[in-house]
Amino acid sequence: MHETTAKPKVAVHKFSSCDGCQLAFLDMGEDLLTLSAMVDIVHFAEAGMLDADATVDVAFVEGSLNTRHDLKRIQAIRRNSRFLVTIGACATAGGLQALRNFTDADAWHSAVYATPEYLDSLATASPIKSAVHVDLELWGCPVNTRQVTGAVRALLSGVTPAVEQDKVCMECKRQQAVCVMVAKGTPCMGPVTRTGCGALCPRFERGCYACYGPAENPNTDSLSHWFEGLGLLPEQLREQYHGITSQTEPFTAAGNRYRK
Amino acid sequence: MATGGASPGWRGFLPREAFDTLLRALEAAGYECIGPRVEDGAILYRGLSAGSDLPQGVEEAQAPGHYRLQHTDTPRCFAWAVGPQAIKPHLFTPREALWETERDADGRLTFRPVEPGPRPLAIIGVRACDLAALALQDQHFLRAGNADPYYAHRREGLFLVAVNCTHPAATCFCVSTGDGPQAGDDCDLALDELDEGYAVRAASSKGETIVQQLPLQALTEAQQAQIGREREAARSAQQRTMPAGNLRDHLFNAWEHPRWAQVAERCLSCGNCTSVCPTCFCHQQVDVPTLDGGNATHYREWDSCFTQNHSYIHGITLRPDTRSRYRQWLTHKLGSWHDQYGRSGCVGCGRCITWCPVGIDITEEVSALLAEAGK
Ligand code: SF4
Ligand code: SF4
Ligand code: SF4
Ligand code: SF4
């Protein structure tokens, strides 16, 4: 628990992403000093440390896999890391960029880029676990400091980090938010979504966007059925599941049921 | 319990415009006053500084998975039944720190309780069903010789102003459980609302002290007759029922009933029903260490028999699927509660029906389970 000789080595890697999850480290405040005293952060490009090929005890990986180069890089990171922890919706479930998996991506390339032949992207955006074994997933869009701090503390103590897997509804009720689905008829993904955000959206009278991916024991069939009753059209229903965390089951399949 | 047959014992009539005298008397006695207010499309208990804060003219429509407020021109402020929460979160709080641990330089641990300060709180406008639920929570948290100090502290400072129901929701079934719609003596003051004000009854010595400070007028015979009619109307307006008596054997005999799997197809295993239920008391405890591992805070927070963790022990989840979780809820609430607390854990408030995101109705499930028991 208290560091003796060599401090554990940590790396923070980035793939296709907005960089927002890495802010969970940079936003730690005073804890960032504590962290750098306890571990050696050898690679963290956004914070200025560069040693992408270093062998580390824990690698945090942000972002999804989108190019052939990404696939090579993630294999190398896996080989060089004792624990591989994915952080955020992109790394765990494809993220927003995986919306292209449901469209004609080539058509978009030609429409957006002057010289699309320079692009070398894979057919789909995929989560990290589609390519390598992942030891721990921290879900969220973005992940927050509380999650990252908790995971680091547990790993340093040599215990398995607690997995948060209850539905958002549990925290929504602890926060005493009024249920937007019952009181307003607003569709909410909370009943199938993993907790972790503190029920942020329902507290601001919005439905949950499923940022934290599927909770344990999710019943998407029943929720979809209720959404139909609220008047959602098939395409709107598909978008509930194919939003930020589309590349993970049962969300992929639940959305596909409403695909044209 | 509160069937309205007993002598009403009214002390007088408080005109609507004099409602603030009640708040001032409670404040002078040291209470913070909370009561019903409209917020985020629901009736929630919030700080109350004047009668004008009350939801005047507000009625509500409740149905399975459905809650909507409606604005009418009734002068009444309590023309609704129950919102999502009432007393429970103020005593059994959704999340609170129980103790802190500190590690000194030699690695020795010191444990320090986080003592809740006294907080005299007056809750205005509680319902009969919530008082019955409070009596059950008291049984659980104030068990002789093993009282929960956090709960006990807050319970001691509580002043309860009940308002008898005149507008039960379509989801209410307190008549069939025997818990409403009129409050008994498990409160300090009990009010009956009329268009022009409130009939006031003192139900405790604390309540008596407050009553003596109110500018009460005589309650007319016409007013008394009106209250009697409205009480009766509130009873007969209820549309749902829960079968009377101890359902334990019936439910446990229906252990393999196909209905459990059918309800599990609809149930989201989300825990909303247990969270809004005023009698449910399940919680989990979590430690949150500081990053350097030196200190930690130990929290208690609401849990539910619908979560996986709730039945997780030593690598095994005893209730991995929704069928077994729903069955746990119902057989405990309506069955084994009788062994633990001498009565059913349901007071007929209907919250679990309204606030279930997919509208699962406990009364409907029970009647299906009992009607074809053993099939
Ligand atoms: S608002 Fe959403 S997260 Fe909150 S209780 Fe309702 S369904 Fe669950
Ligand atoms: S089981 Fe449902 S109706 Fe009964 S007390 Fe709980 S929330 Fe109210
Ligand atoms: S269950 Fe009875 S006491 Fe409770 S709100 Fe409904 S009518 Fe009133
Ligand atoms: S009965 Fe309704 S509120 Fe309760 S866990 Fe199931 S879906 Fe959620």
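Every read-out reported here was derived from the displayed coordinates using simple, explicitly stated rules and does not represent laboratory data. Computed from a predicted structure; not experimentally measured. Cβ placement follows ideal geometry from the backbone for every residue including glycine, while neighbour counts extend to all protein chains displayed.
In the range A:162-260, what chymotrypsin sites (Phe, Trp or Tyr not before Pro) fall in a loop by DSSP, with at most 14 other Cβ atoms inside 10 Å?
Counting only loop positions with at most 14 other Cβ atoms within 10 Å, the chymotrypsin sites (Phe, Trp or Tyr not before Pro) in the range A:162-260 are A:Phe204.
Averaged over every viewing direction, what's the projected area of the C-alpha convex hull for chain B? Give it in nm², one decimal, please.
Numbers: hull surface 85.1 nm².
For the Cα atoms of chain B, the hull's average projected area reads 21.3 nm².
So what is the relative contact order of chain B, in percent, for Cα pairs below 8 Å that sit 6 or more residues apart?
22
Note down the nm distance, to one decimal, between modelled labels 7 Å out along Cα→Cβ at B:Thr297 and at A:Asp120.
Inter-label distance under the simple model: 5.0 nm.
Which log10 I(q)/I(0) values, to two decimals, does the range A:168-256 give at q = 0.12, 0.16, 0.26 Å⁻¹ under the Debye formula with one point per Cα?
Those come out to -0.30, -0.55, -1.43, one per q.
I need the GluC sites (Glu not before Pro) found in the range B:243-344, filtered to DSSP loop residues with at most 13 other beta carbons within 10 Å of theirs.
B:Glu256
Is the shape of the range B:115-196 best called rounded, prolate or oblate, per the rule: a/c under 1.5 gives rounded, else a/b larger than b/c gives prolate, else oblate, with a ≥ b ≥ c the square roots of the Cα gyration tensor eigenvalues? Could you put the intermediate results ahead of the total?
Details: a/c = 2.96, a/b = 1.63, b/c = 1.81.
Note, shape of the range B:115-196 comes out oblate.
Over the whole of B:351-359, what's the average partner chain Cβ count within 10 Å per residue? Rounded to a whole number, please.
Taking all residues of B:351-359 together, the mean is 4.
Chymotrypsin sites (Phe, Trp or Tyr not before Pro) within the range B:187-272: which are DSSP loop residues with at most 13 other Cβ atoms inside 10 Å? Mind dumping the intermediate values first?
Values: sites: B:Tyr198, B:Phe252, B:Trp255, B:Trp260; in loops: B:Trp255.
Of the chymotrypsin sites (Phe, Trp or Tyr not before Pro), the ones in loops of the range B:187-272 whose Cβ has at most 13 other Cβ atoms within 10 Å are B:Trp255.
Which three extents, in whole angstrom, do the alpha-carbon atoms of the range A:9-156 cover along their principal axes, largest first?
The Cα atoms of the range A:9-156 stretch 49, 26, 26 Å along their principal axes.
Given Cβ point charges of +1 (Lys, Arg) and -1 (Asp, Glu) and nothing else, what value in debye, to the nearest 20, does the dipole of the range B:164-256 about its Cα centre take?
Dipole magnitude for the range B:164-256 comes out near 180 debye.
Taking R0 as 30 Å, what FRET efficiency do you get between B:Phe111 and B:Asp138 from their Cβ-Cβ distance, rounded to the nearest 0.05?
On the way: r = 27 Å, r/R0 = 0.91.
With R0 = 30 Å, the Cβ-Cβ based efficiency is 0.65.
How would the range A:102-206 be classified by its alpha-carbon gyration tensor: rounded, prolate or oblate, with rounded meaning a/c under 1.5 and the a/b versus b/c comparison settling the rest?
Note, shape of the range A:102-206 comes out oblate.
Residues with beta-carbon under 9 Å from that of B:Ile43, excluding B:Ile43: net charge, scoring Lys, Arg +1 and Asp, Glu -1?
Result for the local shell: -1.
Taking beta carbons within 10 Å but only from partner chains, what does the mean come to for residues B:307-320?
Going residue by residue through B:307-320 and averaging, the value is 2.
Which whole-angstrom value gives the distance between the alpha carbon centres of the range A:102-162 and the range B:193-247?
60
Once fully extended, how much extra length lies between A:Lys72 and A:Leu50, figured as 0.36 nm per residue of separation less the alpha-carbon to alpha-carbon distance? Show your work: numbers first, answer last.
Numbers: separation 22, 0.36 × 22 = 7.92 nm, distance 1.83 nm.
Roughly 6.1 nm would be gained on extension.
Report, in whole Å, the centroid distance computed from the Cα atoms of the range A:184-260 and the range B:290-344.
25
Determine the equivalent ellipsoid of the protein assembly as shown by diagonalising the alpha-carbon gyration tensor, then write out the semi-axes as square roots of 5 times the eigenvalues, largest first, rounded to whole Å.
Details: eigenvalues 505, 165, 109 Å².
Semi-axes (√(5λ), whole Å): 50, 29, 23.
Name the lysines eligible as straight-distance cross-link partners of A:Lys173: C-alpha to C-alpha under 23 Å, and not fewer than 8 places from it in the same chain.
Cα-Cα hits under 23 Å: A:Lys184, B:Lys88, B:Lys333.
Taking only the alpha carbons of the range B:179-317, what extent do you get along each of the three principal axes, in Å, biggest first?
Answer, in whole Å and largest first: 67, 51, 25 Å.
Using the Cα gyration tensor of the range B:12-236, with a ≥ b ≥ c the square roots of its eigenvalues, what is the shape: rounded (a/c below 1.5), prolate (a/b larger than b/c) or oblate (neither)? Can you show the working numbers first?
On the way: a/c = 2.05, a/b = 1.72, b/c = 1.19.
Taking the square roots of the gyration eigenvalues as a ≥ b ≥ c, the range B:12-236 is prolate.
Could you check the simple spin-label distance between B:Gln212 and B:Tyr341, using points 7 Å along Cα→Cβ, in nm with one decimal?
3.5
Please give the net charge around B:Ser311, taking every other residue with its beta carbon less than 10 angstrom from that of B:Ser311, where Lys and Arg add +1 and Asp and Glu add -1.
+2
Cα-based Rg (one decimal) and Dmax (whole number) for the range B:247-344, in Å?
16.2, 54
How do A:Cys208, B:Cys165 rank when sorted from fewest to most other Cβ atoms within 10 Å of their own Cβ?
Fewest-to-most ranking of A:Cys208, B:Cys165: A:Cys208, B:Cys165.
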